[in-house]
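Structure, as structure tokens:
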Amino acid sequence: MFAFRLIQEPTVVDTSARLDAGATAPAFTLTDQDGSPVSLADFAGQNVIVYFYPAASTPGCTTQACDFRDNINSLKSAGYQVLGVSKDDAPALQKFQAEQGLNFPLLSDPDLVVHNAYGAYGEKSLYGKTVTGVLRSTFVVDPDGTLKLALYNVKATGHVASLRKKLGLD
């Protein structure tokens, strides 16, 4: 097994499919780490943070997921639910959740349908090369299903603190 460290965060090249605050959040139903269906509609009337990450159990994604884990109580007390979405299959998500003690649902989107609906998959620059992949992105959905925030190319480290600031939770 190889371990690597991402030294440079990728930068987004293709921005044509991006969503903006004020747009209606694309509806979805995906399976969670246990194989159970989870729909955005399940959270109607609630604030939901939907974040897209490239791959379970990688350094940056682990940092970001653990940041959400460590802040989940304060986010929930402020009225926010958290959903993590990746292209990983349910067994990989279940392992990731168990290893890191993650306390929120991880959703599987192997066909990238939801990633594409949110503009969270596309071209990005990594180490000076253009590649296609998951764009680390976070969306905050209001209780009425409108996007309050649409954030692309977010950093794994310090993301939740930045998000809390944008939401006025600090």
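Determine whether segment 67-79 contains at least one residue that is at negative phi and in contact with an Asp or Glu (Cβ under 9 Å, 6 or more places away or on another chain). Give the steps one after another, and end with the answer.
To start, the set of residues in segment 67-79 that are at negative phi comprises 67-78.
Next cut, in contact with an Asp or Glu (Cβ under 9 Å, 6 or more places away or on another chain) only: none.
Within segment 67-79 (the criterion being at negative phi and in contact with an Asp or Glu (Cβ under 9 Å, 6 or more places away or on another chain)), the answer is no, since none of the residues qualifies.
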Result of the Cβ filter at 8 Å on segment 91-110, keeping first residues that are among the basic types (Lys, Arg) and partners that are part of a strand (DSSP E or B) and crowded, with 21+ Cβ neighbours inside 10 Å, at least 6 apart or interchain, is none
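Tally up the residues in segment 5-54 that are polar (S, T, N, Q), at pLDDT below 95 and more than 24 Å from PRO110 (Cβ to Cβ), please. Please lay out each step first, then the result.
Step one: list which residues in segment 5-54 are polar (S, T, N, Q), which gives 8, 11, 15-16, 24, 29, 31, 33, 36, 39, 46-47.
Still in the running and at pLDDT below 95: 8, 11, 15-16.
From what's left, more than 24 Å from PRO110 (Cβ to Cβ): 8, 11, 15.
Final tally of qualifying residues: 3.
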Exactly one of GLY101, GLY119 is crowded, with 18+ Cβ neighbours inside 10 Å and at positive phi, and that one is GLY119
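What about THR132, is it loosely packed, with under 15 Cβ neighbours inside 10 Å and modelled with pLDDT under 95? If you could, list the steps in order and put the result at the bottom.
Numbers: loosely packed, with under 15 Cβ neighbours inside 10 Å: yes; modelled with pLDDT under 95: yes.
Yes; evaluated as a whole, the condition is true for this residue.
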Within the bounds of segment 140-149, is there any residue that is more than 21 Å from ALA44 (Cα to Cα) and crowded, with 21+ Cβ neighbours inside 10 Å? no
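The values are calculated or read from the model by the stated rules, or taken from the named source; none is laboratory data. Quick caveat, the model's predicted, so the values are computed rather than measured. Glycine gets a Cβ as well: all are built from the backbone with ideal geometry, and neighbour counts include every protein chain shown.
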